[in-house]
Amino acid sequence: LLVNSREPVTAEGLDLNSIRGEPLGQCPKCGSRVFETGLYYACERQANKKELCTFRILKFFLGRQLESLEIIQLLADGKTDLLNEFVSFQTSRKFKAFLKLKDSEVKLEIPPREKRVKVKKEKENPGQGLWGF
C-alpha cells in the first residue's frame, strides 16, 4: 500500500488498514506525516515501537465532528478558523472556538463573549406608586 508516491507506510507505523487517503500535514511533534485513521487524525509514528510519537487528534471532539480540511488548516497554519457547534459537557450549551497548536498539543481558544446590551424599560407613568398616586 502506497499512501504517498514517494514513501510507503511501513508496518512500523500506523496500522496500514486504518489509514485513509493522503497525508494531511506534518506532525508538530516529530515532523512525520499525519493521516486520517478510524477514530483519529494521527502521526504515522503513533504505533512505532522504536520512535513512538503520541500526537493524535480525536475526530469527534466536544460533540463535534472535526473535518479533514480543518485538520489540514490546523497543521499548516497552527490555528483553524472559528468553528461552530462545539458542545460543553458541563452545560450542554453550544459554543464557538478556534483549535490552536501550542507546544505540539491541540488547545481550544474561545473568543471573548459579546457583551449584551441591557435595555432599560421606562415606567408608563413615572412618579406614580403602586396605587396610582
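The values are calculated or read from the model by the stated rules, or taken from the named source; none is laboratory data. Computed from a predicted structure; not experimentally measured. Counting neighbours? That spans all protein chains shown, and the Cβs are built from the backbone with ideal geometry, glycine included. Just so you know, the surface numbers come from the protein's heavy atoms only, side chains and all, with ligands and any DNA or RNA stripped out. Shrake-Rupley method; radii C 1.70, N 1.55, O 1.52, S 1.80 Å.
Assorted remarks:
- Of residues in the stretch 16-45 being open to solvent by less than 50 Å² (accessible area, probe 1.4 Å) and of a type in the set (Asp, Glu), the one modelled with the lowest pLDDT: 44
- Against the numbered list (1) at pLDDT below 90; (2) charged (D, E, K, R); (3) surrounded by 15 or more Cβ atoms within 10 Å (Cβ to Cβ), residue 114 comes up short only at (3).
- Considered as a group, the residues in the stretch 77-88 that are open to solvent by 50 Å² or more (accessible area, probe 1.4 Å) and either in a loop (DSSP other than H, G, I, E, B) or in contact (Cβ under 8 Å) with a residue 40 or more places away in the chain (or both) include one that is nearest to residue 22 (Cα to Cα), and that residue is 81.
- When the stretch 41-76 is limited to residues that are outside any strand (DSSP E or B) and of a type in the set (Gly, Ala, Ser), the one that is farthest from residue 101 (Cα to Cα) turns out to be 47.
- Filtered residues of the stretch 89-111 (kept if assigned to a loop (DSSP other than H, G, I, E, B) and surrounded by 10 or more Cβ atoms within 10 Å (Cβ to Cβ)): 104, 110, 111
- Residue within the stretch 64-82 that is at pLDDT below 90 and acidic (Asp, Glu) present: no
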